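Enquirer: Have a look at this one.
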Amino acid sequence: MTIIKPRPKVLGSALAVLLAAAVVTTGPPAAAQPAANPNCGAPVMFGLHGMGEGPSSNTLKGFTNLSPEIMGFDAAQNRLSGAIGMDYVAYPTVTASYWDVLDLANVGPLTNAVNAGESALQSAVASWTSGCSLSQDKIALIGYSMGAWIVNKWLKDHPGEWLLISAVVLYGDPCWKYHSDQGLARLFGAAGCSPAKNYPYPAPSGVLQVPFKAQSLCAYHDPVCGGGYASNKNAQLSAAENCKVGSSCPHLQYTRGAPSSGPLYEGARFVVQKLLGLCRLRCPAFMARTGSPEVRYRC
């Protein structure tokens, strides 16, 4: 309400009305309201690629293609739902030859690339959630190989943002730990891995400790995550050095069966359940009976 102070009677009623209108309509312009973040409420998967994959934020030629594992995960999710977007996080692409003695002291080129990836993931999460309420945040983190290492490090360094995350899925994780098997990053004491007793969580799991659910898959004799190597450093490192595109190395086989089956499909189903609360599967037999392109069921 605008309060108009009494004027002397000599002003007259017409002039009083004009003054009142001036008081109401003048003054500094209202501040422009910031545009609402269109991402609020939209479920998203942040995909983090492995070594020798993209998208890359550097200019290393020959490694600009998107990660086959992250693309396969997205394709599997589209088979299940199609309601969750994939955001490919870009950071420096490196080759396996970049793992050297400096990385064991946490100052080498691979370690620097992991740190850059962590910063890129933080920027992506902050941008996506800016201005949103906590109830609107529906985020999954998908990491393959070096990307899984980055996810580990981000979670370890950002406990204040765990509530933003609904699900984590990792493949061929260098921070893997199961009984005597260990991933390369953990085996050689590189920075960024969660405590072994809590893996794949950065702290004790549960509603009061870590609010999100996590899955991590390590194929047998994958030398990067160390499945079946029982921490045999020499054998594991030698196998990792020979794990090249075109070989039968298990670390390169997580895409098998995708998008309709296999480890990427199972991870995608887990994410759909955690982000959407239901699974939405396309079913040819159901389509034939009803004409509907999909059938929903609770997971």
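Enquirer: For a footprinting-style exposure proxy, rank 275, 110, 163, 134 by other Cβ within 10 Å, fewest first.
Expert: Working: 275 20, 110 24, 163 11, 134 8.
In increasing order of surrounding Cβ atoms, one gets 134, 163, 275, 110.
Enquirer: Which order do the peptides 125-131, 76-82, 52-58 come out in when sorted by mean C-beta neighbours inside 10 angstrom, highest first?
Expert: Details: 125-131: 15.0, 76-82: 20.7, 52-58: 18.6.
Listed from highest to lowest mean packing, they are 76-82, 52-58, 125-131.
Enquirer: Please arrange 221, 251 by how many other C-beta atoms lie within 10 Å of their C-beta, fewest to most. It would help to have the intermediate numbers written out before the result.
Expert: Values: 221 17, 251 23.
The order, fewest Cβ neighbours first, is 221, 251.
Enquirer: With a 10 Å Cβ neighbour count serving as the proxy for reagent exposure, in which order, fewest first, do 222, 157, 181, 74 appear? Please report the intermediate quantities before stating the final value.
Expert: Values: 222 29, 157 15, 181 21, 74 24.
Least crowded to most crowded, the residues run 157, 181, 74, 222.
Enquirer: Taking a threshold of 24 Å on the Cα-Cα distance, which of the pairs 138/177; 138/244; 177/233; 153/274; 213/233 fall above it? Please list the in-between numbers first.
Expert: On the way: 138/177 27 Å; 138/244 35 Å; 177/233 14 Å; 153/274 22 Å; 213/233 30 Å.
Result: 138/177; 138/244; 213/233 exceed 24 Å.
Enquirer: Related question: Suppose the chain between residue 241 and residue 57 were pulled fully straight at 0.36 nm per residue; how much longer would it get relative to their current alpha carbon spacing? Don't skip to the answer; put the middle values down first.
Expert: Working: separation 184, 0.36 × 184 = 66.24 nm, distance 2.45 nm.
Separation in residues times 0.36 nm, less the Cα-Cα distance, equals 63.8 nm.
No lab work stands behind these numbers, since they all come straight from the coordinates. Small disclaimer: the values here were computed from a predicted structure and weren't measured. Here Cβ is always computed from backbone atoms with ideal geometry, including for glycine, and neighbour counts include all displayed protein chains.
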